[in-house]
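Only one structure is covered here, and it is reproduced in the block below.
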Amino acid sequence: MSFYHSVYKMVSVFLSLSLTCWLTNDVRADVDTELVISQGDAILGANQARNSDLLSGAGITVAVISDSFNCLGGAEIGQANGELPPTVTVVKEADCKDEKTLDEGRAMLEVIHDLAPGANLLFHALGDSPGDLTQALNRVADHGAQIIVDDAVYFSEPMFQDGPASQMIDRLVAERGVAVFSSAGNAGLNSYQSVFADSGRYPLGEKHGVAHDFNPDPNKTDTCQTITVGADAFTILSLQWDEPAKSISGGKGSTSDLDVVVYDDPACKHVSQAWVIGGSTDNLGGDPVEVVGFDNKGNRSRKTVGLKILKVAGLAPNLLKYILSGSSLPSEHPSIDEYRNAPKTIASAFGHANSASVFSVGAIEADQDKKPSAPSYYSSPGGLPVLFDNQGQRLAEPIVRKHVDAVAPTNVNTSFFSKTRPDFEKDGKPNFTGTSAAAPHAAAVAALVLQAASKKSLNLPPFQLYDVLRRSSLDLGELGYDTSTGHGLLACDKAIKLLSGK
């Protein structure tokens, strides 16, 4: 047990937090009386598909799993104005007592309704833990969902092994024919990975662990890494290493205990005592996960700090990796300021967004005046290797899945979402930002494609649906597949044309 456990005794709270609960400013449920259509409708060619093929998503049921539906109020106005269908089946609403609840789920439903106005819509709150997500996935499937889309990120989900939510997605796809779409996450390039490099230095004394050496130069040593956390934001860091999780596989659990120590200054002179929570769980016999929360809420300036990783006990990991939670606002987005990994080697889409049977969605900016060629700066790239099977056995060869699968627009209009977000078009419509905005576009395109397949009497199970979406996407960036934009920008009209050749 680390010395810092008592200081950061609230770490267990953050092991179950979802990204949507922490990384957005307070919002108002401001409602616009004009019908608002996401720019993604035209960018993805969904409007063309509806007009030329007489599609609406009718007969297809789409479920959204997100933070809340109507905790802020105003959903009934949106329904009356046509922003949502007259009926949205709320399988489970959020608690609504949490002031961080944003009704992001309603914003996602508005996007889907824009592109696939005839689809039946369901909503289920994501809850606080991967176990809650697993239950939500199963429940919306029980309510008839053919397509599920979520935007949850849980910092305790494993990076190198399939957790319960990933395994549930695999079962829903294989056994029940449900297609599942997940947002890739907003961490962007804020990920660091390395072998554990023993510096031989014990900055807090031997019983508190030996420090990791961040400097790759064998002739130099640096145990302090500089990072910057977002302004007026709660930033979360998840550190994991290459051992199976006891909560998934059982067995002996982690044979290593790592701690994260945060300093109030970039030179690592003063250990933080006030605004940092977590980082010192006793991992021996448990899960190889350390979660740290940086509470910079109320501070309008970004804060640069120092970071040390200590091996308190056990074996030195062959691979350690941390991911910093991100934001779709530059002022809130953190950064790793030194010893960054090469951009092309960074993978920050993890957890169920990296499951074998999911369609993982990244983000590109909604700009109809020019063809997008790069993902949004915060869109998490894929490529994270799976090292262990469900029983905790190390695989003979790592599995690297081709996620992200494709990208869709972000910074799109909704009728109500957040007046605190930038209005890039200056049209008075609240922008919905992040990969949370991109993912429902993909689900809506999938609904139109499924309806088109049904009209052609074609059976299109999830993996075949995914294949159609990938093959019809418009390649972006480097030629062919890449981990940042996947197979490219989704193209609904092209996907439906592709069905004619099946």
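Under a model in which nothing but the beta-carbon of Lys, Arg (+1) and Asp, Glu (-1) is charged, the chain shows a dipole of about 720 debye around its Cα centre. Rounded to a whole number, what is D in µm²/s for the chain from Stokes-Einstein with the Kirkwood radius over alpha-carbon pairs (20 °C, 1.002 mPa s)? Answer, rounded: 94 µm²/s. For region 181-301, the C-alpha radius of gyration sits at 1.16 times the compact-globule guess of 2.2 N^0.38 Å, with N the residue count. In the chain, the DSSP-assigned H stretches of four residues or longer account for a calculated mean residue ellipticity at 222 nm of -6000 deg cm²/dmol, using -39500 (n - 2.57) per stretch and the full residue count as denominator. Ignoring the sites themselves, the chain has its longest run without GluC sites (Glu not before Pro) in a DSSP loop having at most 16 other Cβ atoms within 10 Å at 100-337. Mean projected area of the convex hull spanned by the Cα atoms of region 117-169, taken over all viewing directions: 4.0 nm². Taking other C-beta atoms within 10 angstrom as a stand-in for reagent exposure, 275, 241 fall in the order 275, 241, fewest first. For region 247-373, the Cβ-based charge dipole about the Cα centre amounts to some 220 debye (Lys, Arg positive; Asp, Glu negative; other atoms uncharged).
Going from the fewest other Cβ atoms within 10 Å to the most, the residues 291, 271 appear in the order 271, 291. Our note on the geometry: Cα centres of region 149-221 and region 417-449, 28 Å apart. Using 0.36 nm per residue and subtracting the Cα-Cα separation, the extra length available between residue 457 and residue 142 on full extension is 111.0 nm.
In the chain, a dipole from Cβ-located charges (positive for Lys and Arg, negative for Asp and Glu) runs towards its positive end, and of 127, 219, 268 it is 219 whose Cα lies farthest in that direction. When region 349-466 is described by a simple charge dipole with +1 on each Lys and Arg Cβ and -1 on each Asp and Glu Cβ, the residue from 410, 445, 356 located farthest towards its positive end is 445. Which shape class, rounded, prolate or oblate, goes with region 377-419 when its Cα gyration tensor gives a ≥ b ≥ c as root eigenvalues, a/c under 1.5 marks rounded, and past that a/b bigger than b/c marks prolate? It is prolate, given that a/c is not under 1.5 and a/b is the larger ratio.
I'd like to know which of 241, 35, 434 lies farthest towards the positive end of the charge dipole of the chain, counting +1 on Cβ of Lys and Arg and -1 on Cβ of Asp and Glu. Of the options given, the answer is 241. Of all DSSP bridge pairs formed entirely within the chain, close to 65 percent run antiparallel. Put simply, when 44-53, 186-195 are sorted by average Cβ atoms within 10 angstrom per residue, most first, you get 186-195, 44-53. One way to sum up the overall shape of region 93-214 is the equivalent ellipsoid from its Cα gyration tensor, whose semi-axes run 38, 17, 14 Å, largest first.
Rule-based calculations on the coordinates, nothing more; no lab input. Here the structure is a predicted model, which is why all the values come from computation and not from measurement. Note that we place each Cβ from the backbone using ideal geometry, even for glycine, and neighbour counts take in every protein chain shown.
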